[in-house]
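Take a look at the structure below.
The numbers here are math on the coordinates, done by the rules we state, and not lab data. Remember, predicted model here, so these are calculated numbers, not experimental data. Positions of Cβ are backbone-derived with ideal geometry, glycine not excepted, and every protein chain shown enters the neighbour counts.
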Amino acid sequence: MPTIKPFDNAGGYTTFDNAVIDHVMPKCKPNTWKVVCATIRKTIGWNKESDSISLTQYMKLTGIKNRTTLLEALNDALELGFITRVPYRNTFAYQINKGYELEI
């Protein structure tokens, strides 16, 4: 079975501001944080503004196995304003809310 060393600086990168870790992560429940990170990976990580991320993709990326639990985390991230949902074809896509502001 192939292996990787994810902390050995050997692969691709998804960059985001340290403020995401310093100020957003502490406001998130663990599963909400996973959803935010997955959204960052699928958008910023691929140089996209938004992406039509299916629940199956979110489940695979986050490791959340229960659909209801995933939907709760997704809705939490939306309600907190960390991500937004935008119309896309016959469905919708998710994006990081670049206009999100918080007082520190």
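What FRET efficiency, computed as 1/(1 + (r/R0)^6) with R0 = 35 Å and r the Cβ-Cβ distance, is obtained for LYS27 and MET1, rounded to the nearest 0.05?
That pair, LYS27 with MET1, gives E of 0.40.
Compare ALA77, ALA38, ALA93 in a GNM of the chain, Cα atoms joined below 10 Å, and give the one with the largest fluctuation.
Of ALA77, ALA38, ALA93, the Gaussian network model singles out ALA93 as fluctuating most.
Tell me, what HN-Hα J-couplings in whole Hz come from the Karplus equation 6.51 cos²θ - 1.76 cosθ + 1.60 at θ = phi - 60° for each residue of the range 87-104, using x for Gly and Pro?
Along the range 87-104, the couplings run x, 8, 6, 8, 9, 8, 10, 10, 8, 6, 7, 5, x, 4, 10, 9, 7, 10 Hz.
Between ARG89 and GLU101, 0.36 nm times their residue separation minus their Cα-Cα distance comes to what?
1.4 nm
When the label point is put 7 Å from the Cα of SER52 along its Cα-to-beta-carbon vector, which residues of the range 61-104 have a backbone N closer than 12 Å?
Flagged as within label range: 87-94.
Take the eigenvalues of the Cα gyration tensor for the chain, scale each by 5, and report the square roots as semi-axes in whole Å, largest first.
Rounded to whole Å, the semi-axes are 21, 18, 15.
Tell me whether the range 44-104 comes out rounded, prolate or oblate; compute the Cα gyration tensor, take square roots of the eigenvalues as a ≥ b ≥ c, and use a/c under 1.5 as the rounded threshold.
Oblate, since a/c reaches 1.5 and b/c is not below a/b.
Cut-off 10 angstrom, C-alpha nodes, Gaussian network model of the chain. Which of ILE21, ILE53, ILE44 fluctuates the most?
Of ILE21, ILE53, ILE44, the Gaussian network model singles out ILE21 as fluctuating most.
Which of GLY81, GLY12, GLY63 ends up with the largest GNM mean-square fluctuation for the chain, with Cα atoms connected below 10 Å?
Most flexible of the set in this elastic network: GLY12.
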